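Some notes on the structure that comes next.
Please treat every number below as a calculation from the coordinates, not as lab data. A quick note: this is a predicted structure, and the numbers were derived from the prediction, not measured. Counting neighbours? That spans all protein chains shown, and the Cβs are built from the backbone with ideal geometry, glycine included.
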Amino acid sequence: MYNKANNKLLLKLLTFIIPVSFVFYSCTKDFEDINTDPTAITIASNGSLFNGIIQSLVLTGNEQFYINNEILYKQTQLAALTKEEWGNYTLGTESMWSNYYKTLPSVRELENRFELIDTIAEITNMKAMLKIVLAYKTFKMTDIFGDMPFFDAGYGFQDLDLLRPKYDSQKSIYKYLLEELQWCDENIDITAITKEPFVTFSAFDPLFRGADQMLNWQKLANSLRLRYALRMSDKEPELAGEIIKDIYENQRPVFVGYSLTGYVGESACIWPLRAGFKNESLNWSFREHKNLRMGSNIWHQLSTHDSTDGSGIFDPRAYIFFETNNNNSWVAYPQLPDNNTPPSGGIPYAEHRDNPGSYAIKGENCIYSPFNYFVVRDEDFMPIPLITGAEIHFILAEAYFKGIGLPKDPYLGEAEYLNGIGASVDWWMETSDRLKLPLSGVAFPDQIQIPDGLGPYSVQEVFGMWNVTTEEEKLEFIYTQRWLDAFRQPWEAYALTRRTGMTPREGDPIEHFRMPYPPSEVEYNTTNWTEALANQGGDTPDFKLWWMP
């Protein structure tokens with residue numbers, strides 16, 4: 001796990017020379033570099049360390065390029081990969097692995113510092129914020145790789161014997177993190193926000209700082225509990241049911257998409273402009289990759305027929321996720337192309353489209369519908385979603401239909417499902433209204449007009465459960481809409497596809513279940529890696545993770 005570059009990092013940690021800036025390209029208020037002599041020994045503040053940990057939630061360019069765009073969109077069929085020409089997935093796995101394990105020492109440092117401070121409610125809140133971020137990052141990693149170093153990891157700056165930590169089972173990691181999230185829910189004090197060091201610390205929180213800051217952290221903890229309890233419900237049905245029941249019966253706070261009065265739209269997202277950085281790697285990953293297009297699978301969940309004029313589109317998210325080809329036509333790339341399928345081409349993700357008069361120029365060979373340019377180009381207002389209120393509705397809908405921790409009640413399940421559709425459609429429409437091209441400043445609504453009449457109700461007319469009869473068909477509807485909501489979280493769609501096997505799909509069932517460990521880990525943590533392979537069964541994509549049925 002640790003190469004020479006990591007050893008340099010270790011030395012820096014030993015002398016407390018720790019980077020503190022959240023921003024990659026610019027600084028704004030609350031995210032300024034500490035202006036000190038770079039040769040001096042600097043002790044990073046608690047807030048700046050936490051700031052760096054939040055920074056690590058931003059997807060790296062290589063993760064987006066080599067994992068999301070090259071593998072996950074194809075495996076989930078949220079899009080079509082028109083050409084497989086890269087094959088360098090290890091650049092992506094190395095990036096994910098490095099991001100996680102270079103961040104973990106900062107987490108351990110903060111854990112140590114918090115233990116040395118007299119416990120008051122504000123300190124407890126700080127501990128909870130750290131635990132929640134660590135849980136999110138770790139769940140995401142273990143759901144990609146499986147078993148991984150965790151309990152002994154990140155302590156190399158304290159104990160050199162832990163530079164090559166052992167692997168822990170995914171099952172043990174899941175149970176531990178779910179207990180930690182429960183602790184956070186039970187111990188967060190939403191009123192304890194006035195005393196130091198919390199006041200200074202909270203200013204470094206780009207997710208929720210401001211009104212209802214700690215209530216939102218509490219909602220995030222419980223929302224993640226619901227997500228991961230349901231994910232392991234096939235292997236740990238009793239524990240999963242207990243967690244869901246606890247949240248439901250005790251009315252613990254979670255993110256809400258729709259309420260009795262209408263759209264609420266709560267979510268946990270990183271909004272680049274608010275967080276003080278420009279998400280330039282997003283467009284880079286599409287501009288350089290070039291090979292993603294709207295596939296026939298997702299197109300058939302958004303339109304009732306294949307008319308290229310878009311007259312079959314019933315879901316407004318079609319206009320947000322994708323756009324027409326260079327001839328202003330809606331054309332899906334076949335999810336299962338054959339030798340007679342015309343090749344894809346064009347330059348739909350190139351930055352020239354920012355310039356006045358050039359937006360419509362996508363290249364003569366852009367014969368298939370690309371991703372919407374605003375979604376992959378906006379550096380300031382396109383959020384990085386962590387979890388949405390819509391997802392919570394879909395989770396509860398499935399729990400009601402299956403009776404997992406909740407009384408089996410298809411009527412309440414249908415109500416949650418319809419709320420999920422409304423929350424997802426409205427959230428994406430609200431998000432699209434904010435999008436702007438960074439060079440020209442042209443806004444999404446100025447360039448793209450979603451037809452009147454398209455909204456939650458037009459989706460419900462097609463995907464309303466009154467249109468099907470069997471429980472399996474109703475579950476497929478739930479999974480379809482949750483899958484669509486995760487359009488910019490392909491790792492979450494990947495988890496849903498692997499767990500259920502019931503998301504929309506053309507061709508054979510998914511046979512890709514995990515990513516191999518990165519080569520650096522194989523080389524530098526060989527003994528523990530070898531043991532992990534023996535416990536897990538192998539290191540290839542065909543080996544299922546612990547929670548998969």
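Where a Cα-Cα gap under 16 Å defines reach, which lysines qualify for Lys83, not counting those fewer than 8 residues away within the same chain? Partners found: Lys74, Lys290. When the Cα positions of Gly420, Leu439, Pro165 are compared along the charge dipole of the chain, Pro165 comes out farthest toward the positive end, with charges on each C-beta of Lys, Arg, Asp and Glu. Estimated from helical segments only, the mean residue ellipticity of the chain at 222 nm is -14500 deg cm²/dmol, where each DSSP H run of four or more residues counts as -39500 (n - 2.57).
The spread of Cα positions in the chain, taken along each principal axis and listed from longest to shortest, comes to 65, 53, 50 Å.
Using packing as a proxy for protection, rank 91-99, 400-408, 72-80 so that the peptide with the highest average count of other Cβ atoms within 10 Å comes first.
Result, highest mean Cβ count within 10 Å first: 72-80, 91-99, 400-408.
Annotation note: GluC sites (Glu not before Pro) in the stretch 451-545 located in DSSP loop regions with a Cβ neighbour count of at most 16 within 10 Å are Glu506, Glu511.
Rounded to the nearest 10 degrees, the inclination of helix 170-187 to the longest alpha-carbon principal axis of the chain is 80 degrees. Straight Cα distances below 18 angstrom link Lys235 to the lysines Lys171, Lys175, Lys245, Lys402, Lys544, with same-chain residues fewer than 8 positions distant left out. Loop-located trypsin sites (Lys or Arg not before Pro) in the stretch 179-241 (DSSP state not H, G, I, E or B) with no more than 14 neighbouring Cβ atoms inside 10 Å: Lys195, Arg209. Taken along its three principal axes, the alpha carbon spread of the stretch 372-517 comes to 51, 45, 30 Å, from the longest extent down to the shortest. Compared with the rule-of-thumb size 2.2 N^0.38 Å for a compact globular protein, the stretch 139-227 has a Cα radius of gyration ratio of 1.34. Hey, what D do you get for the stretch 58-158 in µm²/s if you plug the Kirkwood alpha-carbon radius into Stokes-Einstein at 10 °C and 1.306 mPa s? This corresponds to a translational diffusion coefficient of 101 µm²/s. Largest first, the three principal axis extents of the alpha carbons in the stretch 265-346 are 46, 31, 23 Å in whole numbers.
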